[in-house]
Amino acid sequence: MQRLLLLDLDVFLQAPQPQGLDVLRERLHADPGCGLGMVSGRDFASARLRYGELHLPDPAVWILEAGADLRCGPDGRQDESWRAHIAAGWEREAVVEVLEGLGPRLRLQPEGNQGDFKVSYLLQTPTAGVLEMVKQRLRLHRLKARAHLFNHLFLDVLPQRASKTDAIRHLAISWGLPLEQVLVVAAQQGDAELLNGRALGLVAADHDRSLEHLRRRPQVFFASRPQAWGVLEGLDHHRFLRR
């Protein structure tokens, strides 16, 4: 594998356009030198179930639970070195206890949305300032944890060492794959960190406006079309797939 395309299972493939998805499927099958990876906030069982409906090539990698779970191959073999790396200093129970005091502004998501290395909350109105309050409490109690907000309402607390960006970097080092040969498709609020590194970036037309400032970055392409058609447009712009 010489190149890796990372698609967001929760956004770009949530309601795919059938014709665009057909073309994308054909293009990916025609280029065995390009591996495919899935990025999702879901756990592996849920992500694999959803992915199976798309009939795309088998994924080489899964970056799940906001970066807290890294798996390889279609069968989802867990990357134990990543798991050991992010586990250092992680105190899940302490995170839950410390943030209980923000109960009126934060609500724990259902158990199915939680993970060993992820505590997931739903923000309650008013949402302004909640992220900073969470970060302040984590710092005050000296917890090795980071808070990240997605789609303006969903807040995940992860180990300090865990994120989607760091998972991509770990993967690139492990596989000896230059980050310049990785193309990341992003769309939602909270994805800006994915597009601030050395990897190539692609933002389709149906993106959150919080990503607009990234238009200044030369390696980030903003497509004029949404969903799968936008992904295809970006693949052509970056000349990422063999034609």
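State which residue is surrounded by the fewest Cβ atoms within 10 Å (Cβ to Cβ) when the search covers only region 172-202 and only residues that are among the charged types (D, E, K, R) and in a helix (DSSP H, G or I). Break it down stepwise before answering.
Taking region 172-202 and keeping what is among the charged types (D, E, K, R), we get 180, 191, 193, 198.
Now restrict to residues that are in a helix (DSSP H, G or I): 180, 193.
Numbers: E180: 12, E193: 14.
Here the answer is E180.
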### Options D22, D58, D31, D69; residue that is outside the structural domain of R146 (by TED's automatic domain parsing) and at pLDDT 95 or above
D69
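Considering only region 206-237, state which residues are part of a loop (DSSP other than H, G, I, E, B), farther than 24 Å from L54 by Cβ and either of a type in the set (A, V, I, L, M, F, W, C) or over 20 Å from the mean Cα position of the chain (by Cα) (or both).
We begin by selecting, within region 206-237, every residue part of a loop (DSSP other than H, G, I, E, B); these are 206-208, 217-219, 223-226.
Retained after the next criterion (residues that are farther than 24 Å from L54 by Cβ): 217-219.
The one that is part of a loop (DSSP other than H, G, I, E, B), farther than 24 Å from L54 by Cβ and either of a type in the set (A, V, I, L, M, F, W, C) or over 20 Å from the mean Cα position of the chain (by Cα) (or both): P218.
F240: in contact with a strand residue (DSSP E or B) (Cβ under 6 Å, 6 or more places away or on another chain), aromatic (F, W, Y), part of a loop (DSSP other than H, G, I, E, B) and buried (at least 19 other Cβ atoms within 10 Å of the Cβ), yes or no? Spell out how you get there, then give the answer.
On the way: in contact with a strand residue (DSSP E or B) (Cβ under 6 Å, 6 or more places away or on another chain): yes; aromatic (F, W, Y): yes; part of a loop (DSSP other than H, G, I, E, B): yes; buried (at least 19 other Cβ atoms within 10 Å of the Cβ): yes.
Here the answer is yes, as F240 does meet what is asked.
Could you please let me know if P32 is over 19 Å from the mean Cα position of the chain (by Cα), exposed (fewer than 14 other Cβ atoms within 10 Å of the Cβ) and more than 22 Å from S174 (Cβ to Cβ)? I'd like the intermediate steps shown before the answer.
On the way: over 19 Å from the mean Cα position of the chain (by Cα): yes; exposed (fewer than 14 other Cβ atoms within 10 Å of the Cβ): yes; more than 22 Å from S174 (Cβ to Cβ): no.
Here the answer is no, as P32 does not meet what is asked.
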### Task
Only residues that are in contact with a strand residue (DSSP E or B) (Cβ under 7 Å, 6 or more places away or on another chain) and assigned to a helix (DSSP H, G or I): list them for region 128-169, please.
V130, L131, V134, K135, L138, K164, A167, I168
### Positions within region 35-55 being among the acidic types (D, E) and at pLDDT below 90, in sequence order
E53
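The values are calculated or read from the model by the stated rules, or taken from the named source; none is laboratory data. Since this is a predicted model, take the numbers as computed values, not measurements. Every residue, glycine as well, gets a Cβ built from its backbone with ideal geometry; the counts of neighbours run over all protein chains shown.
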